[in-house]
Amino acid sequence: MYQYDEQDHKLVRERVAQFRGQTERYLAGELSEEQFLPLRLQNGLYIQRLAPMLRIAVPYGLLNSTQVRRLAHITRKYDKGYAHFTTRQNVQLNWPNLEDVPDILAELAEVEMHAVQTSGNCIRNTTTDQFAGVARDELVDPRPYCELIRQWSTFHPEFAFLPRKFKIAVCGAEEDRAAIRAHDIGVQIVKNAQGETGFQVFVGGGLGRTPIIGVAIRDFLPEVHLLSYLEAIVRVYNQLGRRDNKFKARIKILVKALGAEEFARRVEAEWEQIKDGADELPPEAIEWSKRFFPQPAYKSISGDHAEAVLRDQAGADKAFSRWLERNTFPHRVPGYQAVTLSTKPTGVPPGDVTDRQLEAIADLADEFSFGEVRVTHEQNVVLADVEQERLFELWQVARKHGFATPNIGTLTDMICCPGGDYCSLANAKSIPVAEAIQRKFDDLDYLYDLGDLHLNISGCMNACGHHHIGHIGVLGVDKKGEEFYQVQLGGSANEKAALGTVLGPSFSRDEMPDTIGKILDVFVENRQPEELFIDTYNRIGLQPFKERVYAKAS
Amino acid sequence: MPKPAKTPVGAQPENPARLILDGAVAENEWNLLPLDADTEITAASLAPGKVILPLTVWLALRGDLQARKGEIGVWLDSDETADLIGDHASELPLIAAHFPLFTDGRAFTAGRLLRQRYGFTGELRAVGNFMRDQLTYLKRCGFNAFAYQGNQPLEGLLESLQDFTDSYQSAVDQPLPIYRRRALA
């Protein structure tokens, strides 16, 4: 992974010193609440319902074991002994003291981490596929480009006070596991007829109050131009994006107002002026970045033999077989497999881990996966490079630490925001709904029979739980001071991205598990053999679900 | 065609007596005229001395003020883009960019474009409600003068100009981004 040199260290140290000074001036009354707000946000610090919340950046989801151990230490020393993985591959602490934050940032800086630009109206942490570098359907490893985007966007002097937050995601594979069409800019790595690497560029995607699927404004951008093109997009947005209403300030609103064609024309006109300038990425700059993401020292393994051993182990142990089926992912190198550690056993807020679990993750990474882990946008943790012959051993250790719930990609692997239990924006609690659904659907055979099914829960229309792009989406709403839940069906985050359609009137929290049950019944009754929920929904439409869920009791 | 958001009515830049110029506290030698729809400004009615005109006034009077070229500057409001001055920038001694609110970051783009696209080499001045903690980014975007109207002593602001001693991106102060400098190393 990327390693800081003296310049990176110096920049992050200077940032910590800057924020220490700002915090002191705030506490001394020299900076007003209003002035301190964007400064603390751009250093990851929110003031939440119960305490400050610190969002720590995990660039494109990549962490080494030293960093994970430092996170464990920080949660113990400055917080209540646990951390939360977010849908943007970052880590949040829910209970730090404001006065301690500069010290936390200094401790992070020692292990090449920070909380820069994890919030505020600036370019946020770039996200990507959690299986980058190992997926079989990958065209080009996205991580070197993500790192270049990280450097370009970090402390960008022109784009620190944009109309609104700005999120970029990069995908290098055929299947879009990074939900790039739900981002302000989505970058899809492609190859042209000559075999040259380039990018298809999407803009104007986003969730929140006005969910929109991003549109492609360029089908092939040669890789040399990546950063100048991004700069042109953000510059057009900085000048023309609305600033009079924060709910209309995202780039998606500008793209919609101008029309995608006119927006693209303006970007191209701006880009014509700056292309071939300082921001270009000559081959040696790309090669330089690629050097940080070498292939790990894989052993030469007979894939056939390793697979045969796995089959025997799976045949002898049903529980292992289930885990293998759901929680591992094919690797492009024979004899290896990627493993997803589930943070979603029943009864734990999705994405929450304790300090001990963080240390266990670090140990697992050292023992089984070259000392590195990835945070996924589904809030789980990936060990990308595990030898197949050691999967059984890994599974046993993971089980001991509570990471082996074999539910990846199933109904109970929900994306869920912190909701009304923690967040001051929420209209409703989301974690208890997730838990009630997990409790009702704890029969693994039933879950497996349902197959891949994404259920996403947000506690308010800001959509941190990505409810618009869940196959089943749940949105917490406030009705005269009471918490209700609206259900949407048919959303999708991948390359066939779609927004869900609202089923009908909302439900009380108690009604939610049964409502989900009825939706699943309709699916099971109508599905063709092996059909996935989303495909059945796309075939039969909303109506059969609606009729069942809102049928009058007879 | 949607127009860029309008600046809230009434938010006009102040013209403090002292400012930061080229890294030191200095006297403000310029008189900034706010935009005032009720008072018509003509070339003849304009008082002598160094004066910074609102963009619309300057555009109207530019031809009549040729003789006073060295003492006529222009200020851009945040919804006025740098291309409205364009190549005329190189003839101007001073351009100011207004922050109606410190969260309105359009002036950063205006600064870079004036310096890097339109060849402006004169004094580039931040005016309005920017804050101390934006100085280091403003400097990188080409600003060399800061008519600060907040309540902090100017001496403290000088420190903030030095918050960062290196940078990742290219900008006015740095011809090559770090990834190109490193690749060359």
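Things to note:
- Enumeration of residues in the stretch B:143-163 that are among the polar types (S, T, N, Q) and under 18 Å from B:Gln174 (Cα atoms): B:Asn144, B:Gln162
- Subset of the stretch A:261-278 (residues that are within 13 Å of A:Arg235 (Cβ to Cβ) and either more than 12 Å from every other protein chain (Cβ to nearest Cβ) or among the hydrophobic types (A, V, I, L, M, F, W, C) (or both)): A:Phe263, A:Val267, A:Glu268, A:Ala269, A:Trp271, A:Ile274, A:Lys275
- Matching residues, the stretch B:147-168, being in contact (Cβ under 8 Å) with a residue 24 or more places away in the chain and either among the charged types (D, E, K, R) or at the interface with another protein chain (Cβ under 7 Å from one of its Cβ atoms) (or both): B:Glu155, B:Asp163, B:Phe164, B:Ser167
- Single condition A:Leu50 does not satisfy, out of (1) more than 14 Å from chain B (Cβ to nearest Cβ); (2) at pLDDT 95 or above: (2)
- Which numbered condition A:Thr23 misses (of (1) hydroxyl-bearing (Ser, Thr, Tyr); (2) more than 20 Å from A:Ala360 (Cβ to Cβ); (3) assigned to a helix (DSSP H, G or I); (4) away from chain B (no Cβ under 14 Å)): (4)
- Among the conditions (1) of a type outside the set (Val, Ile, Thr); (2) assigned to a loop (DSSP other than H, G, I, E, B); (3) within 24 Å of the chain's Cα centre (by Cα), the only one that A:Glu30 does not satisfy is (3).
- Take the conditions (1) crowded, with 21+ Cβ neighbours inside 10 Å; (2) more than 12 Å from every other protein chain (Cβ to nearest Cβ); (3) touching a Phe, Trp or Tyr at 6+ places or on another chain (Cβ under 7 Å); (4) not small (Gly, Ala, Ser); A:Phe202 misses just one of them, which is (3).
- Assessment of the stretch A:280-289 against the conditions (out of contact with any Phe, Trp or Tyr (no Cβ under 7 Å at 6 or more places or on another chain) and among the small types (Gly, Ala, Ser)) yields no matching residue.
- Number of residues in the stretch A:455-477 that are more than 18 Å from A:Thr210 (Cα to Cα) and modelled with pLDDT under 95 equals 0.
- Selection of the stretch A:65-85 for residues being free of Cβ contacts under 8 Å to residues at least 40 places away in the same chain and buried (at least 17 other Cβ atoms within 10 Å of the Cβ) yields A:Ile74, A:Tyr78, A:Asp79.
- Residues being aliphatic (A, V, I, L, M) and modelled with pLDDT of 95 or more - total across the stretch A:478-493: 2
- Number of the condition not met by A:Asn43 [criteria: (1) under 21 Å from A:Glu110 (Cβ atoms); (2) in contact with a Lys or Arg (Cβ under 8 Å, 6 or more places away or on another chain); (3) at the interface with chain B (Cβ under 10 Å from one of its Cβ atoms)]: (3)
- Lone unmet requirement of (1) closer than 24 Å to A:Cys122 by Cα; (2) facing another protein chain (nearest Cβ under 8 Å) for B:Arg182: (1)
- The set of residues in the stretch A:284-309 that are within 14 Å of chain B (Cβ to nearest Cβ), free of Cβ contacts under 8 Å to residues at least 12 places away in the same chain and not in a loop (DSSP other than H, G, I, E, B) comprises A:Glu284, A:Glu287, A:Trp288.
- Just one of (1) over 24 Å from A:Val309 (Cβ atoms); (2) assigned to a loop (DSSP other than H, G, I, E, B); (3) under 19 Å from the mean Cα position of the chain (by Cα) fails for A:Ala428. It is (3).
- Of the strands (runs of 3 or more DSSP E) lying entirely inside the stretch A:169-263, those containing at least 1 residues that are polar (S, T, N, Q) and at pLDDT 95 or above span A:185-191, A:197-203.
- Only one of the numbered conditions (1) more than 17 Å from A:Pro38 (Cβ to Cβ); (2) more than 14 Å from every other protein chain (Cβ to nearest Cβ) is violated by A:Arg124, and that is (1).
- Residue pairs meeting the criteria (Cβ under 8 Å; at least 6 apart or on separate chains; first in contact (Cβ under 8 Å) with a residue 60 or more places away in the chain, in the stretch B:73-87; second among the acidic types (Asp, Glu)): B:Ser78/B:Asp104
- Restricting the stretch A:157-195 to residues that are touching a helix residue (DSSP H, G or I) at 6+ places or on another chain (Cβ under 8 Å) and free of Cβ contacts under 8 Å to residues at least 40 places away in the same chain leaves a set whose member that is surrounded by the most Cβ atoms within 10 Å (Cβ to Cβ) is A:Gly186.
- Considering A:Asp176, A:Asp184, the condition of being in contact with a strand residue (DSSP E or B) (Cβ under 9 Å, 6 or more places away or on another chain), under 21 Å from A:Leu281 (Cβ atoms) and away from chain B (no Cβ under 14 Å) is satisfied by A:Asp184 alone.
- Total residues in the stretch B:82-106 satisfying the condition of being out of contact with any Gly (no Cβ under 6 Å at 6 or more places or on another chain) and assigned to a helix (DSSP H, G or I): the figure is 9.
- Which listed residue, of B:Ala126, B:Ala171, is of a type outside the set (S, T, N, Q), at the interface with chain A (Cβ under 9 Å from one of its Cβ atoms) and in contact with a His (Cβ under 9 Å, 6 or more places away or on another chain): B:Ala171
- Any hit, the stretch B:58-73, residues being outside any helix (DSSP H, G or I) and either buried (at least 17 other Cβ atoms within 10 Å of the Cβ) or within 14 Å of chain A (Cβ to nearest Cβ) (or both): yes
- Selection of the stretch A:142-158 for residues being more than 10 Å from every other protein chain (Cβ to nearest Cβ) and aliphatic (A, V, I, L, M) yields only A:Ile149.
The values are calculated or read from the model by the stated rules, or taken from the named source; none is laboratory data. Because the structure is a prediction, the values reported are computed rather than measured. Here the Cβ is made from the backbone with ideal geometry for all residues, glycine too, and neighbour counts use every protein chain on show.
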